[in-house]
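See below for the structure under consideration.
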Amino acid sequence: MKISCTQENLNQGLMVVSHIANKNANLPILANALIKVEDKILTLSATNLEIGVTIQLRSKVEDGGEFTVDGRLLTNYISLLPKERIDIELEGDNLKIECQKQKTKIKGQPASDFPLIPKIKKEKPCIVNSRDFKEAILVVSFAVSTSETRPEISGVFMGFDNENLVLAATDSYRLAEKKLKLAEGNKEERKIIIPVKTLQELFRILGVFKDDESIEETGNIEIYLTENQIMFSYNGVDLISRLIEGQYPDYTQIIPTNFKTQIVANNLDLIKAVKTSSLFTKSGIYDVKLDFNSDNKEIVITSSSAQTGENTSIVEADIIGESNSIVLNYHYLLDGLQNIGSEQAVIEINDGNSPCVLKPKGKDDYVYIIMPIKQ
């Protein structure tokens, strides 16, 4: 194997794949990145057996071959080299790297020991805008359950139809749902559960690429599905992951279709008021009470604790319907307010024992549900 490429290209490629190359006592080679040169194409790969990532890079190829070296070590070394041409050559069980006055040899292992990363045929993709999908990951994945007792809600629900993609996550105490328009669908309805770590890894990879790159090159993500696997293709990167088996609960049943009180308030004012009240909540309960006064057009947010004291904050609001109140976990409330992406927040409730709905004003593509703390 003998190749040359730019430091910028190689560094970006390694940043994409090496993150999932981690030490594993049972299979040490999982800490390695696979460097493969075939048909004059340079491919970097890494896997943790749950997720596999590959990226193709532009390079000048003199001789093909494949080899594996420690992914983190190689990434750290390449990142420190000047932004010039890098020459790489395989010598026995060493990878020789030269760049201007820098020379090194990194010991590695044969590619034959590296686990095979599954492949999915690139047929009938669902295509979605990359920026939209990145935002959807951000505003949904935080609500995933961290408990392993119910594996089906430890992942993110993804529902496909010909025109739309729905992402949803819940931990039984709150629920986040985001709807996206598909740029292109495959006319096949599917409902799947994807590990949250897969989406977090995809989110990180999307962040590696600069936002100012041309929209033609980096605008869309192609999604390919098999019975038990999913693959995302983006800008030369293929990320493949297993799916979680099981059936996602029908969460739509808990989303209220009507309300007795609707509140519209400045989102930033609400966030500040909830943060202030959070300083005086009971440890382990984290309860804040929200009183919605339809006569005075204001939200009164109160909290008290025997240890720290008490607080009252008032936020002006447009209130439609009857006066009402609800007690919520301030962590869950803040998560929703900070992710709706709108200057104005809409809160809808029926009473203090029913789910609270939070959504951005003027949009119907995002909804966040919080279960109340019953008094």
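FYI, it's all coordinate maths here, none of it is from the lab. Remember, predicted model here, so these are calculated numbers, not experimental data. With ideal geometry, Cβ positions are generated from the backbone for all residues, glycine too; neighbour counts draw on all protein chains shown.
Here, region 66-173 has an Rg and a Dmax of 21.6, 58 Å when only alpha carbons are counted.
Whole-Hz Karplus values for region 334-339 come out as 4, 4, x, 4, 7, 10 Hz, taken residue by residue from phi with 6.51 cos²θ - 1.76 cosθ + 1.60 and θ = phi - 60°; glycine and proline positions read x.
Pairs spanning more than 29 Å between alpha-carbon atoms, out of Lys83/Lys119; Lys134/Lys363; Lys272/Lys297; Lys83/Lys178: Lys83/Lys119; Lys83/Lys178. Rg over Rh for region 307-375 works out to 0.96, using Cα positions for both radii and the Kirkwood form for Rh.
Scattering from region 1-40 was approximated by placing one identical point on each alpha carbon and applying the Debye formula without solvent; log10 I(q)/I(0) at 0.18, 0.20, 0.22, 0.33 1/Å stands at -0.63, -0.74, -0.83, -1.10.
Summing Lys and Arg as +1 and Asp and Glu as -1 over all other residues whose Cβ lies under 14 Å from the Cβ of Arg150 gives a net charge of -4.
Running Debye on region 223-309 with equal point scatterers at the Cα sites and no solvent, what base-10 log of I(q)/I(0) appears at q = 0.17 Å⁻¹? With one equal scatterer per Cα and no solvent, log10 I(q)/I(0) is -0.84.
Each Lys or Arg adds one and each Asp or Glu takes one away; over the other residues whose Cβ falls under 9 Å from the Cβ of Asn164, this sums to 0. At q = 0.12, 0.13 Å⁻¹, what log₁₀ I(q)/I(0) does a Debye calculation on the Cα points of region 1-125 give, no solvent, two decimals? Reported log10 I(q)/I(0), two decimals: -0.41, -0.48. Fully extending the segment from Lys107 to Gln229 would add 40.6 nm, taking 0.36 nm per residue of separation and subtracting the current Cα-Cα distance. Taken as Cα centroids, region 177-194 and region 276-334 sit 37 Å apart, rounded to the nearest whole angstrom.
How about Lys122: which lysines have a C-alpha closer than 19 Å to its C-alpha, ignoring those fewer than 8 places off in the same chain? Candidates past the 8-residue exclusion: Lys187.
Annotation: lysines with alpha-carbon distance below 16 angstrom to Lys374 (same-chain offsets under eight excluded): Lys282, Lys289.
Restricting the calculation to Cα atoms, the chain shows an Rg/Rh of 1.07 when the hydrodynamic-style radius is the Kirkwood one. Computed over the alpha carbons of region 216-267, Rg followed by Dmax gives 19.1, 51 Å. With a cut-off of 13 Å between beta carbons, the residues surrounding Lys107 carry a summed charge of -1, where Lys and Arg count +1 and Asp and Glu -1. Within region 266-334, the GluC sites (Glu not before Pro) that combine a DSSP coil assignment with at most 15 other C-beta atoms in a 10 angstrom radius are Glu322. Summarising the amide proton neighbourhood of Lys282: residues at separation of 5 or more, or on other chains, whose placed amide H is nearer than 5 Å comprise Asp287, Ser304.
Remark: the Asp295-Asp364 segment gains 22.1 nm on full extension, using 0.36 nm per residue and subtracting the alpha carbon distance.
Label zone (Asp93, point 7 Å along Cα-to-C-beta; backbone nitrogen cut-off 14 Å) within region 51-76: 68-70. Computed over the Cα atoms of region 128-258, the ratio of the radius of gyration to the Kirkwood radius (Rg/Rh) comes to 0.96.
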